[in-house]
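Trainee: Sharing a structure with you now.
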Amino acid sequence: MKIIDLFCGIGGLSLGFEQAGFEVVSAVDMWKDAVVTYNHNRKDKIAKVETVEDFNDKELPKLIQREHITGIIGGPPCQGFSTVGRRDVDDPRNKMYLEFYKAVKLASPDFFVIENVKGMLTLNKGAFVKDLIERFGPKGLGYAINYQLLNAADYGIPQNRYRVFYVGIKNKKFEFPEPFEYKLTAKDGISDLEGATSEHYGSAPQNDFQKKMRGGVSKPLNQDYTNHSEQTISIISQVPDGGNIRDLPEEIWQVRKYNKAFERMGTFKPSNTIDTGHRNYFHYAEPRIPTVRESARIQSFPDSFEIVGTRGSQYKQVGNAVPPMLAKIIADKIKEMLS
């Protein structure tokens, strides 16, 4: 079952679908750093730095002559639907979303998956959802569409991360998987990385999630620590387990006038969302930001998956990604329904 990943990033969606048995035959993204990491972690270097528009014009027509494309996945930007007071679908910022639509129209795959931030559900009175159902739905391209806001923490991933998944399947309405009966804490996700270096782990795996993330790897990649100033270390040390800036004296608030600043992971709850602003949250036990490896682990990337590029770029790449474990759970369900 061959699929295409548009706006692929470092390949969180791709990896999850591959783990479920799908084969990614083409992937594109405009960010070179992400594409380099995507290809670095695979034998077949299929990802290209390319616009989806160029892909649709030059490569997709030839690809669909050679292969039956089972699915198209991706997270197209849709900021144009934020236009207040009017539904301007032709906003230039929607061009990439419309190119995703064009790819689905050209390839006519058995299914498609769009992942996006939860704000797209309510933005401009639900304009994006309405347009998606009109374009892709029974009166458009003929897909039965279902969508749902999912929290990664409900599916065995140690992170509260809310994202909307829109799934369209021909002649079948997708049924989203039920949440798990347990949740993992940030500590459950990364406790074996405490004291770890690029040469060895900090301890033996403490649970099944850590065992799964390690696979057969003998030492963690991307486990480089950030050197903080004494002032920063002092401030972080004052933030309680699972606390935030509101737990600090008011004079410290003036350092960062931002409510999301100085959040600390909790030993008793899932991590807050791993995002591109990595300096906004801290390790639950140590006065520092998490390493790139710890961030990737909380995102459910296996420890064998190496993030390349500058340190700042690595954090951004990880923060932009879809958790592969969540992608696999969705892919498994799609595979089951297709068969």
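A short reminder: the numbers here are calculations on the coordinates, not readings from a lab. Owing to the predicted nature of the structure, the values given are computational and were not obtained by experimental measurement. Heads up, the Cβs are rebuilt from the backbone with ideal geometry, glycines too, and the neighbour counts pull from every protein chain shown.
Trainee: Using only Cα atoms, tell me the angle between helix 324-338 and the longest principal axis of the chain; keep it within 0 to 90° and round to the nearest 10.
Mentor: Roughly 30 degrees, rounded to the nearest 10.
Trainee: In the chain, what is the volume of the convex hull around the alpha carbon atoms, normalised per residue and reported in Å³?
Mentor: Per residue, the Cα convex hull of the chain comes to 144 Å³.
Trainee: For the residue pair ASP247 and GLN206, what label-to-label distance in nm results when each label sits 7 Å from Cα along the Cα-to-beta-carbon direction?
Mentor: Reported label-point gap for ASP247 and GLN206 is 1.6 nm.
Trainee: Going by average Cβ neighbours within 10 Å, how do the peptides 11-17, 69-75 rank, with the highest at the top?
Mentor: Answer by packing, highest mean first, reads 11-17, 69-75.
Trainee: Okay, next question. Which order do peptides 189-195, 238-244, 142-148 fall in by mean Cβ count within 10 Å, highest first?
Mentor: By packing density, highest mean first, the sequence is 189-195, 142-148, 238-244.
Trainee: Enumerate the lysines that LYS172 could reach by cross-link, defined here as Cα to Cα under 16 Å, with residues fewer than 8 away along the same chain left out.
Mentor: Answer for LYS172, where 16 Å is the Cα cut-off: LYS139, LYS333, LYS335, listed by chain and number.
Trainee: If each DSSP helix of 4+ residues adds -39,500 (n - 2.57) and the sum is divided by the residues in the chain, what number results at 222 nm, nearest 500 deg cm²/dmol?
Mentor: It lands at -8500 deg cm²/dmol.
Trainee: Please give the charge dipole size of the chain, origin at the Cα centre, charges +1 on K and R Cβ atoms and -1 on D and E Cβ atoms. Round to the nearest 20 debye.
Mentor: Around 680 debye, computed over the chain.
Trainee: Separate question: Using Cβ contacts closer than 10 Å as the measure, can you line up ILE4, ILE235 from fewest to most?
Mentor: ILE235, ILE4
Trainee: Only Lys, Arg, Asp and Glu count, each charged at its Cβ (+1, +1, -1, -1), so figure out the dipole size of segment 186-320 about its Cα centre, rounded to 20 debye.
Mentor: Dipole size: approximately 340 debye.
Trainee: Just to confirm the number: angle between the C-alpha axis of helix 95-107 and the first principal axis of the chain, 0 to 90 degrees, nearest 10?
Mentor: Between the helix axis and the principal axis of the chain, the angle is about 50 degrees.
Trainee: Taking 0.36 nm per residue of sequence separation and subtracting the Cα-Cα distance, how much length would be gained by fully extending the chain between MET337 and LYS130, in nm to one decimal?
Mentor: 72.0 nm is the gain from fully extending MET337 to LYS130.
Trainee: What percent do you get for the relative contact order of segment 186-320 when only Cα pairs under 8 Å and 6+ apart count?
Mentor: Contact order relative to length: 28 percent.
Trainee: Given a cut-off of under 8 Å on Cα pairs at least six residues apart, what relative contact order in percent is computed for the chain?
Mentor: Once divided by the residue count of the chain, the mean separation gives 18 percent.
Trainee: Between VAL217 and ASP44, what is the label-to-label distance in nm when each label sits 7 Å out along the Cα-to-Cβ direction?
Mentor: Going by the 7 Å Cα→Cβ label model, 2.4 nm.
Trainee: For the charge dipole of the chain, defined by +1 on Lys and Arg C-beta atoms and -1 on Asp and Glu C-beta atoms about the Cα centroid, which residue among LEU141, GLY16, PRO270 has the Cα displaced farthest towards the positive pole?
Mentor: Farthest towards the positive pole: LEU141.
Trainee: Which of rounded, prolate or oblate describes segment 186-320 when judged by the alpha-carbon gyration tensor and an a/c cut-off of 1.5?
Mentor: Because a/c hits 1.5 or more and a/b exceeds b/c, segment 186-320 counts as prolate.
Trainee: Moving to a separate point now. Using the alpha-carbon centroid of each, what span in Å lies between segment 115-152 and segment 284-339?
Mentor: After rounding, the separation between the Cα centres reads 24 Å.
Trainee: From a point 7 Å beyond the Cα of ILE233 in the direction of its Cβ, which residues of segment 272-301 have a backbone N at a distance under 16 Å?
Mentor: So the set is 283, 285-290.
Trainee: Of all DSSP beta bridges in the chain, what percent run antiparallel (nearest 5)?
Mentor: Rounded to the nearest five, the antiparallel share is 45 percent.
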